[in-house]
1. Quick one: length gained pulling residue A:453 to residue A:270 fully straight, 0.36 nm per residue minus the C-alpha distance?
2. Could you tell me the largest-minus-smallest coordinate of the C-alpha atoms of the range A:184-271 on each of the three principal axes, in descending order and whole angstroms?
3. Can you list the residues of the range A:400-431 with backbone N under 17 Å from a point 7 Å past the Cα of residue A:320, pointing along Cα to Cβ?
4. Remind me, what semi-axes does the range A:92-190 give for its equivalent ellipsoid, largest first in whole Å, using sqrt of 5 times each Cα gyration tensor eigenvalue?
5. So what is the diffusion coefficient of the range A:196-482 in µm² per second by Stokes-Einstein at 25 °C and 0.890 mPa s, using a Kirkwood Rh over Cα pairs?
6. Over what distance in Å are the Cα centres of the range A:173-252 and the range A:299-343 separated?
7. Mind computing the radius of gyration and Dmax over the alpha-carbon atoms of the range A:18-97? Å is fine for both.
8. Work out how much length residue A:427 to residue A:557 would gain on full extension: take 0.36 nm times their residue separation and subtract the Cα-Cα distance, in nm to one decimal.
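What follows is calculated from the coordinates using simple rules that are stated; it is not laboratory data. Please read these numbers as outputs of a predicted model, since none were measured by experiment. Positions of Cβ are generated from backbone atoms using ideal geometry, with glycine treated the same way; all protein chains shown enter the neighbour counts.
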RNA sequence: GCCGAUGUAGCUCAAUGGCAGAGCAGCUGUUUUGUAAACAGCAGGUUGUCGGUUCGAGCCCGACCGUCGGCUCCA
């Protein structure tokens, strides 16, 4: 979004956004007072708060925030009115030039209007379209959150400014509730839970962005893979294995070397002169499988799937836990079909996404139609006809499905537009999980063909699609979505048997054997600890079922069932427990136990 | 990659430029326990790495590596 668009957006501010926007001005006022010589860029309201970008004589540190906040409170207490006026362009240009505000000058130079909006509160005057609250006293509870760097106009070739983030609410209670939400988000962070539950690790000695899946995380991953492969097989996908390396030439043909080189590891040169690269995508490999033999229209669609491992050279500052890594395995597939089949195949993939999200219990997701940026000649394939054709096809499919979606300009793949399914992670940041891409480009580049009914060679269409995203990102999202409380079918340990005293060890092992025989994942906590400690540890590990066994249970062939929701079900015959748990496991239910609602889990 | 912060025991954290500590986890022993932490003892560290300043560096300075928050990019 351009700065000018952002300024325009402010016109549509809701009351709380207006108040936050005003808070941004008050923050700028405070900074101007405390840091003479500050140059200001833009300061919009954002979700939950506001920021202001500025250039300051020295870097801000977190220790500066209280003083700025305090100065803001003074301004709020003074209840300065926000005074709006319209200035002729030239006057505004002159004013900001004189005051050494080059960013404001640049904004005005890009504004077409003869007059520009000016707001002033107390000593602070700013270029602004508004609207604002009537006076600073209407600004409620404010807190500055963090200072960060941000490129001027979001362009990495332009100066880096300091961005000061704050949040503002009508009341202190709302502010406190928001801060509590942030705390909760930190508790759910997959990096923390992944460590606490021994799901994965990242070792400095292995390398940044190269996660290791620990036994428990690997168990969850394998279950997810089993699930998705099963569903795909039922829908006619054929699974393959292909190597993670390929000749550089392959990626020159595909266009990756031209458009995607920044994300690729440098080629490895062999003694023979041959150059190999770690693959950043799987499509060229699957294309070779398509090309393995002559294809008839009768063979299509051909759906080639793979849990394909690939490597992308992400910049160091972009890495984040499991959600942004350098080695990743994509739940990938490529559908090769006739142009006539494309729509039906596309719709089939969307249905698969929807079915999968239902199983996982995802409810908050949105569809993004990711289009090219026509002005970006480097990132995107230059083929006007191809882009128009594929975009039209995508829109037609979306209309037919009746999906509501928003558009993301510049979010397309280099070879074609896509439908991305966006979820918000625990920190509210949008991430792509599923993606479905229409591709007329690679079939052309690799000269793909099938023989049609007419005996002539025709060009197939490719659909690239990922349902579970990469296993890494999906795991990150799942952990946060469930806060580590995996549904029974995904829990790495489904039940812990807790013998009360050493003499119950024999029976505990019998119980575990019965669960094992039923295909349930069970551990016996045979430590010389008090039962309370064992219960606590199992709770902390978020194990769905705790099976306490003592004299009573051993005599009656039962288990005393405690759920991780803290609910104590009491004695249940062992056979009944095994039957019930097996049923919930096999059906991939998100219910913990029949009497307990899923929402409470 | 850029801006800023940050890095001490497996984990969470202490320690004015002057002998590197605690809780939990681990190990050993005692305890044999009824639904979220029994008790005692022991062990655990070239303070991310390399260099510098200093009589002396966990602490100050520089470079590098990692992590965190953003920016850019993105599955």
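1. Once the chain is fully extended between residue A:453 and residue A:270, it gains 61.4 nm.
2. So the three principal-axis extents are 47, 40, 28 Å.
3. Answer for the range A:400-431: A:421-431.
4. Ellipsoid semi-axes (Å, largest first): 32, 21, 11.
5. Taking Rh from Cα pairs, D becomes 124 µm²/s.
6. The range A:173-252 and the range A:299-343 have Cα centres spaced 14 Å from each other.
7. Rg then Dmax for the range A:18-97, in Å: 13.6, 40.
8. Gain in length upon complete extension: 42.2 nm.
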